[in-house]
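Peer 1: A single structure is presented below for examination.
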Amino acid sequence: MVLETYHLEITNIECMPTSTKRNAVVTYPDDLSELLPYIAALIPGCTYQHAAGVINYFDSVHIIGIYPKKTTITAVMDESEAEEIFKKLVELARDAAARMDEITPVFDKRITVGPLDLFKTLPGTNCRLCDEPTCMAFAAKIMRRQGALSLCTPLLNGEGDLAGAEAVLGAAGISLDQNPETG
Ligand code: SF4
């Protein structure tokens, strides 16, 4: 049976060392490569490109990335929360494996979001603490994967809509620890 064994690890969010939330990384000996298009078909609102080999989605709290050999879950409080989320994914993966004959696989599924969507979640004060001239310029830079959301300290300190910002990044397939300049 798929995902019979796995190893779950909790890590700090490197770009947000003061955050009380943690990331979870779950690794497994199974290779989900062939199953990913079927799992993607079962998750409404996910983003998946077969060539990239990762399903990304946002469950209103966590950004979840399902890779062939690992799954990442952002913003968990502890191991039991991560375990609970992952066990639902295990059920989903087993359902997909059992019904491959009846599920139409999805090889390219995108939720279209852009800088304006991210901009709407930012404080909107143009305070320049992020070294960008405006919040809009910052949003554009993030969506080009050239910066880290954590550079907007007002957002981290409760101004704006942090959960909404993470949702936009999740929909765009940009997770906090995927951003090459994060940290
Ligand atoms: S730090 Fe945040 S609020 Fe200030 S300009 Fe940058 S994006 Fe806007």
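Peer 1: Could you say whether any residue in the range 129-143 is in contact (Cβ under 8 Å) with a residue 12 or more places away in the chain, among the aromatic types (Phe, Trp, Tyr) and not assigned by TED's automatic domain parsing to the domain that holds Asp30?
Peer 2: yes
Peer 1: Tally the residues that are surrounded by fewer than 19 Cβ atoms within 10 Å (Cβ to Cβ), under 19 Å from the mean Cα position of the chain (by Cα) and within 12 Å of the ligand (Cβ to nearest atom), restricting the search to the range 142-160.
Peer 2: Here the count works out to 2.
Peer 1: Looking at Ala165, Ala97 in this structure, which one is more than 16 Å from the ligand (Cβ to nearest atom) and either crowded, with 16+ Cβ neighbours inside 10 Å or not assigned by TED's automatic domain parsing to the domain that holds Val61 (or both)?
Peer 2: Numbers: Ala165 fails: more than 16 Å from the ligand (Cβ to nearest atom).
The match here is Ala97.
Peer 1: Is the range 122-130 home to any residue that is assigned to a helix (DSSP H, G or I) and either of a type in the set (Phe, Trp, Tyr) or within 9 Å of the ligand (Cβ to nearest atom) (or both)? I'd like the intermediate steps shown before the answer.
Peer 2: So in the range 122-130, the residues assigned to a helix (DSSP H, G or I) come out as none.
Within the range 122-130 (the criterion being assigned to a helix (DSSP H, G or I) and either of a type in the set (Phe, Trp, Tyr) or within 9 Å of the ligand (Cβ to nearest atom) (or both)), the answer is no, since none of the residues qualifies.
Peer 1: Between Pro123, Pro133, which is in contact with a helix residue (DSSP H, G or I) (Cβ under 6 Å, 6 or more places away or on another chain), modelled with pLDDT of 90 or more and open to solvent by less than 70 Å² (accessible area, probe 1.4 Å)?
Peer 2: Numbers: Pro133 fails: in contact with a helix residue (DSSP H, G or I) (Cβ under 6 Å, 6 or more places away or on another chain).
After applying the criteria, what remains is Pro123.
Peer 1: Condition check: more than 11 Å from the ligand (Cβ to nearest atom), buried (at least 17 other Cβ atoms within 10 Å of the Cβ) and outside any helix (DSSP H, G or I). Does Ile73 satisfy that? Please lay out each step first, then the result.
Peer 2: Numbers: more than 11 Å from the ligand (Cβ to nearest atom): yes; buried (at least 17 other Cβ atoms within 10 Å of the Cβ): yes; outside any helix (DSSP H, G or I): yes.
Spelling it out, Ile73 is indeed more than 11 Å from the ligand (Cβ to nearest atom), buried (at least 17 other Cβ atoms within 10 Å of the Cβ) and outside any helix (DSSP H, G or I).
Peer 1: Among the residues of the range 54-70, write down those that are open to solvent by less than 50 Å² (accessible area, probe 1.4 Å), within 14 Å of the chain's Cα centre (by Cα) and not β-branched (Val, Ile, Thr). First the steps, then the outcome.
Peer 2: Residues of the range 54-70 that are open to solvent by less than 50 Å² (accessible area, probe 1.4 Å), as a first pass: 54-57, 62-68.
Still in the running and within 14 Å of the chain's Cα centre (by Cα): 54-57, 62-67.
Matches in the range 54-70: Asn56, Tyr57, His62, Gly65, Tyr67.
Peer 1: Next question, about the same structure. With respect to Ala40, determine if the residue is touching a residue at least 40 places away in the same chain (Cβ under 8 Å) and buried (at least 20 other Cβ atoms within 10 Å of the Cβ). Don't jump to the end; show me each part of the working.
Peer 2: Numbers: touching a residue at least 40 places away in the same chain (Cβ under 8 Å): yes; buried (at least 20 other Cβ atoms within 10 Å of the Cβ): yes.
Against the criterion (touching a residue at least 40 places away in the same chain (Cβ under 8 Å) and buried (at least 20 other Cβ atoms within 10 Å of the Cβ)), Ala40 qualifies.
Peer 1: Give the range 84-94 a look and list any residue that's within 17 Å of the chain's Cα centre (by Cα) and crowded, with 16+ Cβ neighbours inside 10 Å, or say none.
Peer 2: Ile85, Phe86, Leu89
Peer 1: Also, quick follow-up: Identify the single condition in (1) farther than 14 Å from Gly170 by Cα; (2) not in a loop (DSSP other than H, G, I, E, B) that Asp117 does not satisfy, given that it satisfies every other one.
Peer 2: It fails just one condition, (1).
The values are calculated or read from the model by the stated rules, or taken from the named source; none is laboratory data. No experiment lies behind these values; they were computed from the predicted model shown. Cβ atoms come from the backbone with ideal geometry, glycine included; neighbour counts cover every protein chain shown. Areas reflect the complete protein model, heavy atoms only, side chains present, ligands, DNA and RNA absent. Shrake-Rupley method; radii C 1.70, N 1.55, O 1.52, S 1.80 Å.
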